[in-house]
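Have a look at the structure below, then the notes.
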Amino acid sequence: MKELLKKLSETYGPSGREAQIARVIREEIKDYVDETYTDNMGNLYAVKKGNGAKIMVAAHMDEIGMIVTHLDDKGFLRFSNVGGLSPHVLLGQRVIFANGSQGTIGMEKLEELNKLTLEKLFIDIGATTKEEASKYVKVGDIATYHREVAVVGNRMIGKAMDNRAGCAVLVKAIQELAITDNEVYAVFTSQEEVGLRGSRVSTYRINPDLGLAVDVTMVGDTPEAPTMSVSLGKGPTVKIKDASVICHPRLKEMLSEIAEKNEIPYQYEVLTAGGTDAGAIHLTKEGIPAGVISIPCRYVHTPGEMVDLEDLEHALKLLKAFLSAPLEMREIFPCHLE
Amino acid sequence: MEIKRFLKDICEAPGVSGYEEYVAKVVRAAFCSHVDEVRQDRMGNVVFLKKGSSSAERRPRILLAAHMDEIGLMVTKIEEGGFLRFSAVGGIDPRTIVGQEVILYGREKLPGVIGVKPPHLVPAEELGKGHKMEDLHIDIALTEERVRKLVSVGDLALIRRELIQLAGNTVAAKAMDDRAGVAVLLSCLQELERLRHEADVYAVATVQEEVGVRGAAMATYGIVPDLGIAVDVTHGEMPGVLEHEACKLGKGPGITVGPNIHTKISEEIIRVAKEYRLPYQLEAFPGPTGTDARAIQVTRGGIPTGLLSIPLRYMHTSVELLDMDDLKLSGRLLAYFIASVDLEFVEGLSCC
Amino acid sequence: MLLKRLSEASGASGDEGEVRSLLKEELALHAEEVTTDALGNLYFKKGIGRKPRVMVVAHMDEVGLMVVGYEKSGLLRVAKVGSIDDRVLASKVVAIGKDRVPGVIGAKAVHLQKPDERTKAIKIDNLYIDLGVRSQEEAEKLVKIGDYGTFTVTAREAGDNCLIGKAFDNRAGCAVLAELLKEEFALELNAVFTVQEEVGLRGAGVAAYRLHPDLALVIETTAAADVVGSKESAYVTKLGDGPALTLMDSTYIAPQQIVDLVVETAEKLNIPYQFRRLTTAGTDAGIISQTHAGILSAVISIPCRYIHSPASIINLDDWQNTLRLARGILNAVAEGGLRLEGIA
């Protein structure tokens, strides 16, 4: 898990430019599934065929980034955010583009730090003229944080743990999944960070009986953190609600029951802001029961996102148990009132 | 069933967005004798079909949508001492919930309050500020140990409120938004018993409107109606609200016009209202409305949509107030409109 | 000039009838099939059955006003349809409803304002449309609640091959699409004039659901902020620099193959082009690209100064070059210059 997560975390893949991360993931899973394919939105699908319930598991593989909007005469790059970026977190960061070009983030003269906005920042790639800069970077290119993973105790720090941690769990689950009747569609979704776009179209294509998202969630266990019940290291969460979805009550119960039966520690999660792929999944067509397994993550959307490896292992166990349990849709989600 | 009795039953029933199964049962029990078929989809929308009288192969399909979910509170954290932190499901003004009694739906139904600091202990400068949701807590007066046994993160709570009869035909309750709309659907189905209507009527008690018109989108996708009418509540006139932003109580339903609404539908409802001398009020809304109509209109290849609203004061508080006359007038107008719909009318809707 | 007539036509979101009729009349002979849907989208089909099936989209609605109430005096209360800066409303001429009843939006005479009043924005709650009537009863005879209003502006040539007028967003795009429809392409062309873009991309999703094309090309009009007082990095686009390709906005990110296609086409045909340097706001591509299992979409825009105001400016060379670029893209697609499924 450790090596896999390191590899996934360090791979480039901002929203809309997921081809590199998709290739890395495809290499990991292609020998364990019946087919893999991609679509117009950049989603990567991996299918394990079966005759039972059609289950979709989504883990978004995109990460936040910075899109170049202008090259000035002296070779500095102006940029805008792809997904949720704080200008304060960006100060002094190193960034990397798809072609490997690197840069650092500088700031205009500023009287008050709390007035910092993205417009006052720029990327410096070491070029001295526009012509030189344009050899490496074009308007529209997207950079991500450039950061190596660090292992600290049983925890890992790095960029894009949101949501390569979820991707790592899903990759492992595919590799280790016991034989099951269920037809499993693992989807490594694109463009989650900019509005759950990949999962919206992939769910429409698959039209599953139910959908599960594997993503990270915020925690409330750091000094003076916002009020939240989730802690790092106490197991994956079973999501109840966030701004994008109220998880199907039966799915929440099922996940809790499976966790208890298998003695997997878990926490309930109510996230007051933010959304996940389940938000798009459950609204597809006539409505698809959806749930979420989240991996607690500190310092989300910074280059120092921290996850706990135990949480990942437990999330993996829970996901595998869920996917291999027989699912009688008509009994579990009755369509008629008794 | 008498409409006011039904309204009391559903308003007092719990049914926070995403957890509507209890109120769904109450609705079903009252509706089933007036319809031909009932089904519930996986997301919880309850669809009642009342078949049309036409023997033609193709009958117009009319969708009626009123949402049965209500706003509520959800436990986010159990604090030391057993106090419960919570967040809102749907839009709640935290200033309206201080000092309220609540029912907490834990392992069992637990009475509690949203406590408030006595004024003696509040610093003067704080008195001028409104309470914030994250600073409030629910107190169920149990030890932390007992609380942890009975309550978990994600449990729901509601303001405790029974329906109150006020002067004349005015009543107040929680969840009138939009159980009043559900009551209009029942009233409409009752009216339809004595009318001839060509169209198949799909009356849907929708879910999850308060968190983003979610249920109606799914239900409409499944039903694929020729036209859809949402029934919801609208702001009643009161001091501090501009006259053109509100409807008068007791003067009949609001009929919405604007981009969200198909002109031929609003025109036909108005024509029917005039023909039967039913009072109505016009509401102009310059974009997608915050009702199920927003979702219905853009489902699949586009559904011609209308919106009927019951004037109501104090929306999203526990004392939402309305006039029963408006409710009955809405049911009647809706029924007469349905009776006027034929195949020619719905076929004319695909062109503007 | 069709573009002028389109600009002068009245068509706030939800009230696109006049523009729709104009386009139908102008273009019916150039299509094999003309249809509308329940929202009012207007579809022209040409080359039915050919592959690939391409949808070219221009929204025909504009931002405007809606009558929401009367004052006893007969003045009209209005709300905005789509996004308008309240501060552009004062001292303008408008036309309301089907009969295009004329009215003016007045403002309190500057002499009567206190000094601190003069420095504040005039918000819409303090603005009224004056029809010249003396009572609510008189007003009710002329306009109904829910009637739409648009600015009354004559489109006119100005400067170096520029046009001044209203509603270039997106009648300029409509005019490009109209020209495309008159030409021949070796593909199935679905020209769609959509409704209600300005109030949340309401029409285009429905249209994309109906058509389910292989590719969508959205022709839009976008802001040009290349004026005094703004930094070059904040220009969004520059008037006269050619059509702008959208790389990203709040609703959409251009796939790499789309960026490559548009850039290569422009360079091959020697058409000036630029990138839209703003990553917010949205276009019909946002909803189209997320319809069905995802529809490959591209957006090119005509730069326009003072967009969403009654006095905006476009450059006709930009307009011509947008037409050339759109034509080039369609030809490239017809020749198989785009892989239509699968990126990674």
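Overview of values
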quantity: Residue in the range C:289-307 that is more than 8 Å from every other protein chain (Cβ to nearest Cβ), on the phi > 0 side of the Ramachandran plot and touching a helix residue (DSSP H, G or I) at 6+ places or on another chain (Cβ under 9 Å) present; calculated: yes
quantity: Matching strands (runs of 3 or more DSSP E) fully within the range B:76-169 where at least 2 residues are farther than 30 Å from B:ILE310 by Cα; calculated: B:84-89, B:109-114
quantity: Out of C:LEU142, C:LEU180, C:LEU76, C:LEU163, sole residue that is modelled with pLDDT of 95 or more, surrounded by 20 or more Cβ atoms within 10 Å (Cβ to Cβ) and more than 26 Å from the chain's Cα centre (by Cα); calculated: C:LEU76
quantity: Residue check, B:LYS328 touching a residue at least 12 places away in the same chain (Cβ under 8 Å), touching a strand residue (DSSP E or B) at 6+ places or on another chain (Cβ under 9 Å), within 25 Å of B:ILE3 (Cβ to Cβ) and open to solvent by 60 Å² or more (accessible area, probe 1.4 Å); calculated: no
quantity: Qualifying residue in the range C:243-258 (condition: more than 10 Å from every other protein chain (Cβ to nearest Cβ) and open to solvent by 50 Å² or more (accessible area, probe 1.4 Å)); calculated: no
quantity: Checking C:THR222 against (1) more than 21 Å from C:CYS162 (Cα to Cα); (2) touching a residue at least 40 places away in the same chain (Cβ under 8 Å); (3) crowded, with 21+ Cβ neighbours inside 10 Å; (4) not charged (D, E, K, R), the condition it does not meet; calculated: (1)
quantity: Hey, A:THR284 surrounded by 24 or more Cβ atoms within 10 Å (Cβ to Cβ) and more than 10 Å from chain B (Cβ to nearest Cβ) or not; calculated: no
quantity: The range B:141-160, residues that are crowded, with 20+ Cβ neighbours inside 10 Å and under 18 Å from B:GLU101 (Cα atoms); calculated: B:VAL147, B:VAL151, B:ASP155, B:LEU156, B:ALA157, B:LEU158, B:ILE159
quantity: Residue check for A:LEU210: open to solvent by less than 20 Å² (accessible area, probe 1.4 Å) and touching a Pro at 6+ places or on another chain (Cβ under 6 Å); calculated: yes
quantity: First in the range A:186-204 and facing another protein chain (nearest Cβ under 9 Å) and in contact (Cβ under 8 Å) with a residue 24 or more places away in the chain, second anywhere and surrounded by fewer than 24 Cβ atoms within 10 Å (Cβ to Cβ) and among the acidic types (Asp, Glu), Cβ under 7 Å, 6 or more apart; calculated: A:VAL201/A:ASP39; A:SER202/A:ASP39
quantity: Any hit, the range B:185-204, residues being in contact (Cβ under 8 Å) with a residue 24 or more places away in the chain, in a strand (DSSP E or B) and surrounded by fewer than 18 Cβ atoms within 10 Å (Cβ to Cβ); calculated: no
quantity: Unmet requirement for A:ASP221, which otherwise passes all of (1) within 14 Å of chain B (Cβ to nearest Cβ); (2) open to solvent by less than 10 Å² (accessible area, probe 1.4 Å); calculated: (2)
quantity: Cross-chain or 6+ apart pairs with Cβ under 7 Å, the range B:243-269 first and more than 23 Å from B:PRO304 (Cβ to Cβ), then assigned to a helix (DSSP H, G or I) and open to solvent by 10 Å² or more (accessible area, probe 1.4 Å); calculated: B:GLY250/B:ASP325
quantity: Residue in the range A:47-61 that is in a helix (DSSP H, G or I), away from chain C (no Cβ under 14 Å) and surrounded by 18 or more Cβ atoms within 10 Å (Cβ to Cβ) present; calculated: no
quantity: Failed item in (1) small (Gly, Ala, Ser); (2) open to solvent by 20 Å² or more (accessible area, probe 1.4 Å); (3) in contact with a Pro (Cβ under 7 Å, 6 or more places away or on another chain), with A:GLY274 passing the rest; calculated: (3)
quantity: Condition check for A:LYS239: at pLDDT 95 or above, open to solvent by 20 Å² or more (accessible area, probe 1.4 Å) and either touching a Ser or Thr at 6+ places or on another chain (Cβ under 8 Å) or outside any helix (DSSP H, G or I) (or both); calculated: no
quantity: Candidate set from the range B:40-78 (those that are charged (D, E, K, R) and at pLDDT below 95); member that is nearest to B:ALA180 (Cα to Cα); calculated: B:ASP41
quantity: Yes/no for A:MET156 being open to solvent by less than 10 Å² (accessible area, probe 1.4 Å) and in contact with a Cys (Cβ under 6 Å, 6 or more places away or on another chain); calculated: no
quantity: Residue check, A:PRO249 crowded, with 19+ Cβ neighbours inside 10 Å and touching a Phe, Trp or Tyr at 6+ places or on another chain (Cβ under 9 Å); calculated: no
quantity: Condition check for B:VAL257: open to solvent by less than 50 Å² (accessible area, probe 1.4 Å) and within 11 Å of chain C (Cβ to nearest Cβ); calculated: yes
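Let's see how each residue does on (1) of a type outside the set (A, V, I, L, M); (2) more than 30 Å from C:GLU138 (Cα to Cα); (3) under 20 Å from the mean Cα position of the chain (by Cα):
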position: C:ARG20; (1), (2), (3): yes, yes, yes
position: C:LYS24; (1), (2), (3): yes, yes, yes
position: C:ILE48; (1), (2), (3): no, yes, no
position: C:MET60; (1), (2), (3): no, yes, yes
position: C:MET66; (1), (2), (3): no, no, yes
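Yes or no, residue by residue, for (1) more than 18 Å from C:ALA326 (Cβ to Cβ); (2) small (Gly, Ala, Ser):
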{"residue": "C:GLY11", "(1), (2)": "yes, yes"}
{"residue": "C:LYS24", "(1), (2)": "yes, no"}
{"residue": "C:ALA31", "(1), (2)": "no, yes"}
{"residue": "C:VAL34", "(1), (2)": "yes, no"}
{"residue": "C:LYS45", "(1), (2)": "no, no"}
{"residue": "C:PRO52", "(1), (2)": "no, no"}
{"residue": "C:VAL56", "(1), (2)": "no, no"}
{"residue": "C:ASP61", "(1), (2)": "yes, no"}
{"residue": "C:MET66", "(1), (2)": "yes, no"}
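The values are calculated or read from the model by the stated rules, or taken from the named source; none is laboratory data. Because the structure is a prediction, the values reported are computed rather than measured. Virtual Cβ from ideal backbone geometry, glycine too; neighbours counted across all protein chains shown. What goes into the accessible areas is simple: the full protein's heavy atoms, side chains included, and nothing from ligands, DNA or RNA. Shrake-Rupley method; radii C 1.70, N 1.55, O 1.52, S 1.80 Å.
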